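Only one structure is covered here, and it is reproduced in the block below.
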Amino acid sequence: MPNIESAIKRARTSEAANAKNSSQLSAMRTTVKKFEEAAAAGAENMNDLYNEAAKAIDMAESKGLIHKNKANRDKARLAKKLAK
């Protein structure tokens, strides 16, 4: 445990940021998984699920949680599944 006041605050801040980032990354993965399950089942609401997943991916990318190339790759893969 740090002894210096600024280091203590930094540890506290890092812990909060880590929790927030983990939560947002998990939410993104969940929306992508929901779309993929719907695509495998041939559900009728795939367009809505695709839009949600793409939005979640864009938000994760804008916050720096994933790289922009990964975001574009993931969205392209989802779009390909949507087109089938």
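Say the cut-off is 31 Å between C-alpha atoms; which of Lys20/Lys84; Lys33/Lys63; Lys9/Lys33; Lys9/Lys34 go over it?
Checking Cα-Cα distances, Lys20/Lys84; Lys9/Lys33; Lys9/Lys34 exceed 31 Å.
What percent do you get for the relative contact order of the range 31-84 when only Cα pairs under 8 Å and 6+ apart count?
It comes to 38 percent, rounded to a whole number.
Relative to the longest principal axis of the C-alpha atoms of the chain, give the angle of the C-alpha long axis of helix 46-62, reported between 0 and 90° and rounded to the nearest 10°.
That helix lies at roughly 30 degrees to the long axis.
Among Met59, Thr31, Gly42, whose Cα lies farthest out toward the positive end of the dipole of the range 16-84, if unit charges sit on the beta carbon of Lys, Arg (+1) and Asp, Glu (-1)?
Highest projection toward the positive end goes to Met59.
Specify, per residue and in Å³, the volume enclosed by the convex hull of the alpha carbon atoms belonging to the range 42-84.
52
What figure in square angstrom, to the nearest 10, would you give for the accessible area of Ile66 with a 1.4 Å probe?
20
Taking R0 as 35 Å, what's the FRET efficiency between Glu37 and Ser62 from their Cβ-Cβ distance, rounded to 0.05?
0.85
Taking 7 Å along the Cα-to-C-beta vector as the label spot, tell me the Ile8-Arg29 distance in nanometres, rounded to one decimal.
3.4
Using a simple charge model, +1 on the beta-carbon of Lys and Arg, -1 on the beta-carbon of Asp and Glu, nothing else, what dipole does the chain show about its Cα centre, in debye to the nearest 20?
The dipole magnitude comes to about 300 debye.
Considering the chain, what Rg and Dmax in Å follow from its alpha-carbon atoms?
Over the chain's Cα set, Rg and Dmax evaluate to 17.1, 58 Å.
For the chain, take the longest principal axis of its alpha carbons; what is the angle in degrees between that and the long axis of helix 5-41, to the nearest 10 within 0 to 90?
Taking Cα atoms only, the helix is inclined about 10 degrees.
The values are calculated or read from the model by the stated rules, or taken from the named source; none is laboratory data. This one's a predicted model, so the numbers in the text were calculated from it and none came from an experiment. Ideal geometry is used to build each Cβ from the backbone, glycine not excepted, and the neighbour counts take in all protein chains shown. Accessible surface is based on the protein model in full, side chains and every heavy atom, while ligands, DNA and RNA are left aside. Shrake-Rupley method; radii C 1.70, N 1.55, O 1.52, S 1.80 Å.
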